[in-house]
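A quick write-up on the structure given underneath.
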Amino acid sequence: TPPKELRDSAAVVKDLKETIATYPQTGQADVDKAGWKLAEQKEVNGVTYIRYEFTSGLFKYVDDLEIRVDATSVVCTRSASREGGFDYDVNKTRINYVARALQQKGWDVKLL
């Protein structure tokens, strides 16, 4: 849940993107060593969809971090590997990194 001062969905999207922009391009906690990029952003009927691509260092696997913000500023996230049967908690580590950064900005976010 975003802080009260960010009740406008555009402000929520801006804050989310600014927070993710602080994620190191060299990765963190042995995760995402080959960087990340904003791959897609669109808005349809007041709902914003954002997709980032994070790339592993060794095998160059790509994971997707997807974010949906509706017109009432409800935020839903999903981080998933495109390949493989086990991700060694990479997606959990990534989501928790972002969640901690949002908590520091006053968001009410639970860690996985």
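The set of residues in region 17-50 being more than 23 Å from residue 75 (Cα to Cα) and of a type in the set (S, T, N, Q) consists of 25, 26, 28. Tell me whether region 63-72 contains one or more residues that are aliphatic (A, V, I, L, M) and not in a strand (DSSP E or B). Among the residues of region 63-72, at least one is aliphatic (A, V, I, L, M) and not in a strand (DSSP E or B), which makes the answer yes. Within region 82-110, can you find the residues that are more than 26 Å from residue 5 (Cα to Cα), buried (at least 18 other Cβ atoms within 10 Å of the Cβ) and not polar (S, T, N, Q)? Scanning region 82-110 gives 87, 90. Only one entry in 47, 31, 75 is modelled with pLDDT under 95 and open to solvent by less than 90 Å² (accessible area, probe 1.4 Å), namely 31.
The values are calculated or read from the model by the stated rules, or taken from the named source; none is laboratory data. Not measured: the values here are computed from a predicted model. Methodologically, a virtual Cβ is constructed for each residue, glycine included, from the backbone with ideal geometry; neighbour enumeration extends over all protein chains shown. To get the accessible areas, we keep the full protein, side chains included, count just its heavy atoms, and leave off ligands, DNA and RNA. Shrake-Rupley method; radii C 1.70, N 1.55, O 1.52, S 1.80 Å.
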